[in-house]
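The values are calculated or read from the model by the stated rules, or taken from the named source; none is laboratory data. All values derive from a computational prediction rather than experimental measurement. Positions of Cβ are generated from backbone atoms using ideal geometry, with glycine treated the same way; all protein chains shown enter the neighbour counts.
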Amino acid sequence: MDYLSLSIWGGYDAKPKGADQSFGQIFKQIVGDDTKVMVVGGVFSEAAAADAVANHTDLIGVGRGTLIDPLFGKKILDDQGDTIVSQISPEQVKKAAWTPGLLKPSPEKTP
(Lines give C-alpha, C1' and ligand atoms only; values in the text may rest on other atoms or scores of the structure.)
Protein backbone atom coordinates (compact mmCIF):
# COMPACT_ATOMS: atom_id res chain seq x y z
CA MET A 1 0.00 0.00 0.00
CA ASP A 2 1.46 3.37 -1.02
CA TYR A 3 -0.61 5.53 1.29
CA LEU A 4 -3.53 5.48 3.69
CA SER A 5 -5.94 8.41 3.62
CA LEU A 6 -7.68 9.47 6.82
CA SER A 7 -10.53 11.96 6.65
CA ILE A 8 -10.68 13.39 10.16
CA TRP A 9 -13.88 15.22 11.10
CA GLY A 10 -12.28 16.95 14.08
CA GLY A 11 -9.32 18.21 12.05
CA TYR A 12 -5.87 16.94 11.15
CA ASP A 13 -4.72 17.07 14.79
CA ALA A 14 -7.77 15.32 16.32
CA LYS A 15 -7.11 12.56 18.85
CA PRO A 16 -9.16 9.53 19.84
CA LYS A 17 -10.84 9.98 23.20
CA GLY A 18 -8.29 9.50 25.96
CA ALA A 19 -5.32 9.32 23.57
CA ASP A 20 -2.15 11.40 23.73
CA GLN A 21 -1.48 11.14 19.98
CA SER A 22 -3.45 12.30 16.96
CA PHE A 23 -5.02 9.80 14.56
CA GLY A 24 -2.29 10.61 12.03
CA GLN A 25 0.49 9.93 14.55
CA ILE A 26 -1.12 6.64 15.60
CA PHE A 27 -1.60 5.42 12.04
CA LYS A 28 1.96 6.39 11.06
CA GLN A 29 3.20 4.01 13.77
CA ILE A 30 0.83 1.24 12.66
CA VAL A 31 1.60 1.32 8.91
CA GLY A 32 5.34 1.89 9.28
CA ASP A 33 7.78 3.75 7.07
CA ASP A 34 6.87 2.04 3.78
CA THR A 35 3.33 3.45 3.71
CA LYS A 36 2.58 7.17 3.83
CA VAL A 37 -0.35 8.56 5.82
CA MET A 38 -2.46 11.35 4.33
CA VAL A 39 -4.78 13.31 6.60
CA VAL A 40 -7.68 15.39 5.37
CA GLY A 41 -9.47 17.80 7.67
CA GLY A 42 -9.15 21.28 9.05
CA VAL A 43 -6.31 22.62 6.91
CA PHE A 44 -7.24 26.19 5.93
CA SER A 45 -3.92 28.03 6.27
CA GLU A 46 -0.22 27.71 5.55
CA ALA A 47 0.45 27.37 9.30
CA ALA A 48 -2.02 24.48 9.62
CA ALA A 49 -0.52 22.76 6.56
CA ALA A 50 2.99 23.09 7.98
CA ASP A 51 1.92 21.86 11.43
CA ALA A 52 0.07 18.89 9.96
CA VAL A 53 3.08 17.70 7.95
CA ALA A 54 5.63 18.47 10.68
CA ASN A 55 3.75 16.84 13.55
CA HIS A 56 0.91 14.57 12.44
CA THR A 57 1.19 13.09 8.97
CA ASP A 58 3.24 12.62 5.81
CA LEU A 59 0.76 14.18 3.39
CA ILE A 60 -2.29 16.41 3.59
CA GLY A 61 -5.40 16.73 1.48
CA VAL A 62 -6.90 20.19 1.27
CA GLY A 63 -10.50 19.88 0.07
CA ARG A 64 -12.66 22.70 1.42
CA GLY A 65 -9.65 25.01 1.68
CA THR A 66 -9.00 24.59 -2.04
CA LEU A 67 -12.68 25.04 -2.90
CA ILE A 68 -12.60 28.36 -1.03
CA ASP A 69 -9.25 29.44 -2.46
CA PRO A 70 -8.22 27.44 -5.55
CA LEU A 71 -4.74 29.01 -5.33
CA PHE A 72 -4.14 27.57 -1.84
CA GLY A 73 -1.11 25.46 -2.76
CA LYS A 74 0.32 27.95 -5.25
CA LYS A 75 0.18 30.74 -2.67
CA ILE A 76 2.22 28.62 -0.26
CA LEU A 77 4.76 27.76 -2.97
CA ASP A 78 5.02 31.43 -3.92
CA ASP A 79 5.58 32.48 -0.27
CA GLN A 80 2.17 34.19 -0.19
CA GLY A 81 0.50 31.94 2.37
CA ASP A 82 -0.65 34.98 4.30
CA THR A 83 -3.01 35.82 1.40
CA ILE A 84 -4.91 32.50 1.50
CA VAL A 85 -8.65 33.13 1.76
CA SER A 86 -10.14 30.79 4.35
CA GLN A 87 -13.74 31.99 4.51
CA ILE A 88 -16.28 31.82 1.73
CA SER A 89 -18.20 34.92 0.69
CA PRO A 90 -20.18 35.94 -2.40
CA GLU A 91 -17.09 37.81 -3.63
CA GLN A 92 -14.84 34.79 -3.09
CA VAL A 93 -17.30 32.50 -4.91
CA LYS A 94 -16.86 34.73 -7.98
CA LYS A 95 -13.06 34.72 -7.63
CA ALA A 96 -12.99 30.94 -7.14
CA ALA A 97 -14.89 30.47 -10.43
CA TRP A 98 -17.00 27.59 -9.14
CA THR A 99 -18.68 25.43 -11.73
CA PRO A 100 -22.48 25.67 -12.06
CA GLY A 101 -22.88 22.33 -10.24
CA LEU A 102 -21.27 23.74 -7.12
CA LEU A 103 -23.52 26.80 -7.20
CA LYS A 104 -26.82 24.89 -7.36
CA PRO A 105 -28.74 24.75 -4.08
CA SER A 106 -29.33 21.21 -2.86
CA PRO A 107 -32.92 19.95 -3.39
CA GLU A 108 -33.66 19.77 0.35
CA LYS A 109 -32.75 23.46 0.74
CA THR A 110 -34.81 24.70 -2.20
CA PRO A 111 -37.92 26.60 -1.00
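Only residues in segment 25-37 that are under 10 Å from Y3 (Cβ atoms) count as the first member; pair them with residues that are surrounded by 10 or more Cβ atoms within 10 Å (Cβ to Cβ) and basic (K, R), Cβ under 7 angstrom, at least 6 apart or cross-chain, and list the lot.
V37/K28
Could you give me the residue pairs with C-beta distances under 6 Å whose first residue belongs to segment 77-105 and is in contact (Cβ under 8 Å) with a residue 12 or more places away in the chain, whose second residue is among the charged types (D, E, K, R) and assigned to a helix (DSSP H, G or I) wherever it lies, and which are 6+ apart or on separate chains?
From residues that are in contact (Cβ under 8 Å) with a residue 12 or more places away in the chain, the pairs are G81/E46; G81/K75; I84/K75.
Among the residues of segment 4-16, which ones are modelled with pLDDT under 95 and over 16 Å from the mean Cα position of the chain (by Cα)?
none
Which members of segment 56-82 meet the condition of being touching a helix residue (DSSP H, G or I) at 6+ places or on another chain (Cβ under 6 Å) and either of a type in the set (V, I, T) or more than 22 Å from S5 (Cα to Cα) (or both)? Spell out how you get there, then give the answer.
Residues of segment 56-82 touching a helix residue (DSSP H, G or I) at 6+ places or on another chain (Cβ under 6 Å): 56-57, 60, 62, 65-66, 70, 72, 75-76, 81.
T57, I60, V62, T66, K75, I76, G81, listed by residue number.
Being surrounded by fewer than 20 Cβ atoms within 10 Å (Cβ to Cβ) and not in a loop (DSSP other than H, G, I, E, B) is the filter; apply it to segment 28-38 and report the residue that is nearest to the chain's Cα centre (by Cα). Before you say what the answer is, go through the steps one by one.
Residues of segment 28-38 that are surrounded by fewer than 20 Cβ atoms within 10 Å (Cβ to Cβ), as a first pass: 29-36, 38.
Subsequent filtering for residues that are not in a loop (DSSP other than H, G, I, E, B) retains 29-31, 36, 38.
Working: Q29: 21, I30: 22, V31: 21, K36: 16, M38: 10 Å.
So, considering only residues that are surrounded by fewer than 20 Cβ atoms within 10 Å (Cβ to Cβ) and not in a loop (DSSP other than H, G, I, E, B), the one nearest to the chain's Cα centre (by Cα) is M38.
Of the residues that sit in segment 39-58 and are over 10 Å from the mean Cα position of the chain (by Cα) and not in a loop (DSSP other than H, G, I, E, B), which one is surrounded by the fewest Cβ atoms within 10 Å (Cβ to Cβ)? Full working, then the answer.
Restricting attention to segment 39-58, the residues satisfying the condition of being over 10 Å from the mean Cα position of the chain (by Cα) are 46-47, 50-51, 53-58.
Filter again for not in a loop (DSSP other than H, G, I, E, B), leaving 46-47, 50-51, 53-55.
Values: E46: 18, A47: 12, A50: 14, D51: 15, V53: 16, A54: 8, N55: 12.
That would be A54.
Evaluate segment 77-94: report whether one residue or more is modelled with pLDDT of 95 or more, exposed (fewer than 11 other Cβ atoms within 10 Å of the Cβ), on the phi > 0 side of the Ramachandran plot and assigned to a loop (DSSP other than H, G, I, E, B).
Taking every residue of segment 77-94 in turn, at least one turns out to be modelled with pLDDT of 95 or more, exposed (fewer than 11 other Cβ atoms within 10 Å of the Cβ), on the phi > 0 side of the Ramachandran plot and assigned to a loop (DSSP other than H, G, I, E, B).
Six or more apart or on different chains, Cβ under 7 Å: which pairs go from a residue in segment 1-22 that's closer than 10 Å to V39 by Cβ and surrounded by 11 or more Cβ atoms within 10 Å (Cβ to Cβ) to one that's modelled with pLDDT of 95 or more and among the aromatic types (F, W, Y)? Could you list them?
Sorted first by the residue in segment 1-22, then by its partner, the pairs are L4/F27; L6/F23; L6/F27; I8/F23; A14/F23.
Could you give every pair whose Cβ atoms fall below 6 Å, whose first residue belongs to segment 48-66 and is free of Cβ contacts under 8 Å to residues at least 40 places away in the same chain, and whose second residue is in a helix (DSSP H, G or I), counting only separations of at least 6 or pairs across chains?
Sorted first by the residue in segment 48-66, then by its partner, the pairs are V62/F72; G65/F72; T66/F72.
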